[in-house]
Amino acid sequence: MASRLNPYIQFKDNARAALEFYQGVFGGDLTVSTFGEYGDPSQPGADGIMHGQLESPSGYTIMAADTPPGMDHHPGSTIAISLSGDDADELHGYWDELADGGQVQVPLEQQMWGDEFGMCVDRFGIGWMVNIAGARPKSDG
């Protein structure tokens with residue numbers, strides 16, 4: 001297998017809900033393992049996600065986990081996930097779902113460099129950037 005780079009997102013206690021949301025957006029196969037599967041299932045937090053992985057039909061991989069019991073969660077804003085390509089319909093669909101219930105920072109629209117680009121933070125606090133390469137200028141008529 002070739003090397004690959006993908007996001008690994010740490011959540012406080014809602015990794016399952018976030019991964020299921022992303023599966024609804026991108027499709028694909030989701031696998032999850034809980035803390036209880038690899039430890040004491042009677043302990044607090046045993047149903048939390050120790051590791052989750054979504055493999056989409058488009059080749060995207062998103063990994064995520066809940067913060068282990070007893071560890072501090074430190075949310076940050078120093079990372080965003082970027083989606084880019086030239087399939088405008090696919091990327092617009094992802095944008096619409098990711099922005100729904102979240103906050104749009106930069107509307108997905110034509111930019112000075114010729115591509116469509118937008119930034120949003122989804123309902124789970126994760127930043128997304130969407131760039132549609134070679135988008136054609138919108139006509140006025």
| said: Restricting to region 1-38, count the residues that are among the small types (Gly, Ala, Ser) and over 15 Å from the mean Cα position of the chain (by Cα). | reply: 4
| request: Mind counting the residues in region 103-135 that are closer than 20 Å to ILE9 by Cα, part of a loop (DSSP other than H, G, I, E, B) and touching a Phe, Trp or Tyr at 6+ places or on another chain (Cβ under 8 Å)? | output: 3
| said: On the basis of being closer than 24 Å to GLY134 by Cα, surrounded by 15 or more Cβ atoms within 10 Å (Cβ to Cβ) and not basic (Lys, Arg), does LEU91 make the cut? | reply: yes
| request: Would you check if GLY28 is more than 16 Å from LYS12 (Cβ to Cβ) and exposed (fewer than 15 other Cβ atoms within 10 Å of the Cβ)? | output: no
| query | Looking at (1) at pLDDT 95 or above; (2) more than 14 Å from ILE62 (Cβ to Cβ), which is the one condition that is false for PHE21? | reply | (2)
| Subset of region 80-89 (residues that are within 19 Å of LEU19 (Cα to Cα) and not hydrophobic (A, V, I, L, M, F, W, C)) | SER82
| query | Which of the residues spanning region 49-74 are at pLDDT below 95, charged (D, E, K, R) and either in a loop (DSSP other than H, G, I, E, B) or over 15 Å from ASN14 (Cβ atoms) (or both)? | reply | ASP72
| task | Could you check how many residues of region 31-44 are in a loop (DSSP other than H, G, I, E, B) and either crowded, with 17+ Cβ neighbours inside 10 Å or among the basic types (Lys, Arg) (or both)? | result | 1
| query | Out of LEU83, LEU19, which single residue is assigned to a strand (DSSP E or B) and either open to solvent by 50 Å² or more (accessible area, probe 1.4 Å) or within 30 Å of ASP115 (Cα to Cα) (or both)? | reply | LEU83
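The values are calculated or read from the model by the stated rules, or taken from the named source; none is laboratory data. Just so you know, these numbers come straight off a predicted model, no measurement behind them. Counting neighbours? That spans all protein chains shown, and the Cβs are built from the backbone with ideal geometry, glycine included. Heads up: the accessible areas ignore ligands, DNA and RNA and are worked out on the full protein's heavy atoms, side chains in. Shrake-Rupley method; radii C 1.70, N 1.55, O 1.52, S 1.80 Å.
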